[in-house]
Amino acid sequence: MVKTILVVDGSADVITSVRYGLESITKDYQVIGAESGKQCLGLLLHNQKPDLILLEIMMPDMSGWELFNKLKENKLWKKIPVVFLTTRIDTVAKNAGKFLGDDYIEKPFEIQDVNNRINKVLEKRDDDIT
C-alpha cells in the first residue's frame with residue numbers, strides 16, 4: 001500500500017528534491033508538499049491526511065515548532081508521525097526533535113538515509129497499531 005509523505009518546507013527545491021529522491025528509490029511513497037505551516041494546515045483541513053510529515057523547523061509564516069504544536073493539539077492529526085528535516089542543528093533543536101518528534105534529520109541529507117528513517121518510523125507506528 002502506498003503511503004503519503006507530506007514535506008513541509010519553505011523551500012520548493014527541498015520539497016522537489018525529497019519527492020524525486022524518494023520516488024526514485026521506492027514506489028511505496030507518494031510525496032506531497034507544503035511550503036508553509038498555513039499551507040500544511042490547509043491540506044490537513046481538506047482531508048489530506050498523510051502517513052508521515054517531514055517538517056522543517058525554520059519556516060517563514062509559522063515555525064516548525066508552532067506547526068508541530070498545532071498538529072499535536074488536534075485529535076485528528078496528533079498521531080501522524082513527525083520527522084524533523086531541518087537546517088537547525090543546535091543542541092536544543094536536536095534534542096527537542098528527537099524527543100518530541102519521531103526522528104530528527106539534519107540538512108543536508110542523503111535521500112537513502114531519509115528513506116531508511118521514514119521506513120523505521122512507519123514500521124514502528126504499524127507495530128504500535130497492531
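The values are calculated or read from the model by the stated rules, or taken from the named source; none is laboratory data. The model shown is predicted, which means the values in this text are computed figures rather than measured ones. A quick note on method: Cβ atoms are made from the backbone with ideal geometry, for glycine too, and the neighbour counts reach across all protein chains shown.
I need a count of the residues in the stretch 89-113 that are of a type in the set (D, E, K, R) and in a helix (DSSP H, G or I).
Result for the stretch 89-113: 3.
For the stretch 11-26, which residues satisfy the criterion of being in contact (Cβ under 8 Å) with a residue 40 or more places away in the chain, crowded, with 19+ Cβ neighbours inside 10 Å and under 20 Å from M58 (Cβ atoms)?
Those that are in contact (Cβ under 8 Å) with a residue 40 or more places away in the chain, crowded, with 19+ Cβ neighbours inside 10 Å and under 20 Å from M58 (Cβ atoms): V14, V18.
Test of understanding: among E23, E35, which residue is on the phi < 0 side of the Ramachandran plot and at pLDDT below 95?
Values: E35 fails: at pLDDT below 95.
Matching residue, one of E23, E35: E23.
Has the stretch 114-130 got any residue that is farther than 20 Å from E35 by Cβ, modelled with pLDDT under 80 and assigned to a loop (DSSP other than H, G, I, E, B)?
Checking the stretch 114-130: at least one residue is farther than 20 Å from E35 by Cβ, modelled with pLDDT under 80 and assigned to a loop (DSSP other than H, G, I, E, B).
Going by what's in this entry, would Y29 be described as crowded, with 19+ Cβ neighbours inside 10 Å, at pLDDT 95 or above and either of a type in the set (S, T, Y) or over 13 Å from the mean Cα position of the chain (by Cα) (or both)? It would help to see each step written out before you state the result.
Working: crowded, with 19+ Cβ neighbours inside 10 Å: yes; at pLDDT 95 or above: yes; either of a type in the set (S, T, Y) or over 13 Å from the mean Cα position of the chain (by Cα) (or both): yes.
Yes: the conditions hold for Y29.
Looking at K78, is it in contact with a strand residue (DSSP E or B) (Cβ under 7 Å, 6 or more places away or on another chain), of a type in the set (K, R) and over 14 Å from L6 (Cα atoms)? Outline the logic, then answer.
Numbers: in contact with a strand residue (DSSP E or B) (Cβ under 7 Å, 6 or more places away or on another chain): no; of a type in the set (K, R): yes; over 14 Å from L6 (Cα atoms): yes.
So K78 fails the test.
For the subset of the stretch 75-113 comprising residues that are more than 20 Å from C40 (Cα to Cα) and among the aliphatic types (A, V, I, L, M), which member is surrounded by the fewest Cβ atoms within 10 Å (Cβ to Cβ)?
Going through the qualifying residues, I end up with V92.
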